[in-house]
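What follows is a single structure, written as structure tokens, with notes after it.
What follows draws every value from the coordinates through simple rules; no lab data is involved. Treat the numbers as computed from the prediction; the structure is a model and nothing was measured. Glycine gets a Cβ as well: all are built from the backbone with ideal geometry, and neighbour counts include every protein chain shown.
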Amino acid sequence: QKTTRPGLNSSMLLQKRQLGLVSSTSYCRLVHELKVNCMQRRKIEIHSPDSSVAGTNNFKIIVADVACERIFTVNDVEHGGCKYGIINLRGLGKESLTVEMYDNLYFTNRKVNSVCWASLTHPDSHLCLMGIAETPGCASLLPASLFSSGNPGDRPGMLCSFKISTAWSCAWCLNPQADNCFSTGLTRRVLVTNIVTGHRQIFGTSSDVLAQQFATQTPMLYNGCRSGEIFSIDVRQRNRKGHSWKAIRIFHDSAVTSIRLLEAEHYLMAADMAGKIKLWDLRAAKCVKQYKGHHNEYAILPLHVNEEEGLLTAVGQDCYTRIWSLQDAHLLRTIPSPHPSSKDAIPSVVFSSRLGGSRGVPGLLMAVKQDLYHFSYN
């Protein structure tokens, strides 16, 4: 379903731009709106050095690095575990993608609740994975070079792994005042670990922490809870009991499943299990916008904010991918899954205007079942 704004078309937009009636920022944003409405789906052919890997296991999670040059993939396998791999997106503008997936002997087949990229030795050099085990679970930091076609003997070992209680979320800190730190959102607590020194901070909470993100301009960690509370922690302080260490507190009426800070870090986007997506002004602790149409009642589903393009993307438990205007919350496009909707076939998506890096192509990547699709602008 496409919902173009009345009177918005490319020729009129270009004319307004030439007459100086539209700023360059608004022009770029409106061009993206038009292009999103015209995106065409094509199935991507996946190649792999290991022929047993490609196209045989269902995608569960895809997560892009900051440059959108690679996506880390978690795939379910028949015997109940998972496989991990990295897909290189540099071939996206051509006829096919190349994917390199390898079994990881250090972190064998453990199911994963949450994944994030980590910048330890260089940007997006590692991956944080929150694994599910019987009891306890496991948090691991793996070098991304484990998933490459180099000599396996040359690959570095796992940098960090430790047992934890059930982990729901993870986040890596890019602020230099809390260098080399990653956080795990656990059952009723937050654990912040310095990878280099091994130092840990534990913050007790009254609810499970389902979503996390570090700020970049300050050493603040934002957390979204099953109770509906969203709070921030200054990770420079020592552990404290009670709520005295919570710097900001705002509340949803249902479990918070995803939080995303906007670039200026004065605003935070949050989604919950009532299907509500809200934009919060953190300075006033006030909801300033709602993005309607999202469907969720039980799943931990991510939000994707693309400020440069002025877009918000989310996949609902109904398996529809929805794209909104970030500026005015107008629903621009509703994309059904290429496969029949089911609880175990909710698509995982990545949106970027530069899929494949600085010279990449714009569009939406969608992984569902065993297939990968590119919704391209042209």
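Across the range 42-376, the mean sequence separation of Cα contacts (distance under 8 Å, 6 or more residues apart), normalised by length, yields a relative contact order of 13 percent.
Distance between the C-alpha centres of the range 57-87 and the range 198-225: 25 Å, rounded to the whole angstrom. Here each label is just a point 7 Å from Cα along the line to Cβ, and for S342 and S358 those points are 4.4 nm apart.
Couplings 3J(HN,Hα) for the range 310-322, derived from phi with the Karplus relation 6.51 cos²θ - 1.76 cosθ + 1.60 (θ = phi - 60°), are x, 10, 10, 10, 8, 9, x, 5, 7, 6, 8, 9, 10 Hz, where x marks Gly and Pro. Per-residue Karplus couplings for the range 159-169, computed as 6.51 cos²θ - 1.76 cosθ + 1.60 with θ equal to phi - 60°, are listed in order as 7, 8, 7, 8, 7, 9, 6, 3, 9, 9, 8 Hz, Gly and Pro entered as x. Taking amide H as placed 1.01 Å from N in the peptide plane, the amide H of S125 sits under 5 Å from that of A118, S119, L120, each at least 5 places away or on another chain.
Amide H contacts under 5 Å for L372: I44, restricted to partners 5 or more places along the chain or on a different chain, H placed in the peptide plane at 1.01 Å from N.
Residue by residue, the range 25-33 carries 3J(HN,Hα) couplings of 5, 5, 4, 4, 5, 6, 4, 4, 4 Hz when phi is fed to the Karplus relation 6.51 cos²θ - 1.76 cosθ + 1.60 (θ = phi - 60°); x denotes Gly or Pro. Assuming charge only on the beta carbon of Lys and Arg (+1) and of Asp and Glu (-1), the dipole of the range 230-378 about its Cα centre is about 560 debye to the nearest 20. Since only V190, G80, L365 are under comparison, the one whose Cα sits farthest along the positive direction of the charge dipole of the range 42-376, derived from C-beta charges on Lys, Arg, Asp and Glu, is V190. Judged by the mean number of other Cβ atoms found within 10 Å, the most tightly packed of the peptides 328-341, 291-304, 269-282 leads the ranking 269-282, 291-304, 328-341. Taken along the Cα-to-beta-carbon direction at a fixed 7 Å, the label points for V66 and N306 span 1.9 nm. Once you list every other residue whose beta carbon is under 11 Å from the beta carbon of S23, what net charge do they have if Lys and Arg are +1 and Asp and Glu are -1? Neighbour charge sum, excluding S23 itself: +3.
Could you compute the FRET efficiency for K163 and A299, with r as their C-beta to C-beta distance and R0 at 25 Å, rounded to 0.05?
My answer for the efficiency is 0.45.
Listed options for Cα Rg over 2.2 N^0.38 Å are (1) 1.16; (2) 0.98; (3) 1.05. The value calculated from this structure is the one marked (2). Ordering of 191-199, 307-315 by packing is 307-315, 191-199, highest average first (other Cβ atoms within 10 Å, averaged per residue). Remark on T205: its backbone amide H falls under 5 Å from those of R189, V190, a criterion applied only to residues 5 or more positions apart or on other chains, H modelled at 1.01 Å from N. Charged neighbours of K286, selected by a Cβ distance under 14 Å, balance to +3 (K, R count +1; D, E count -1).
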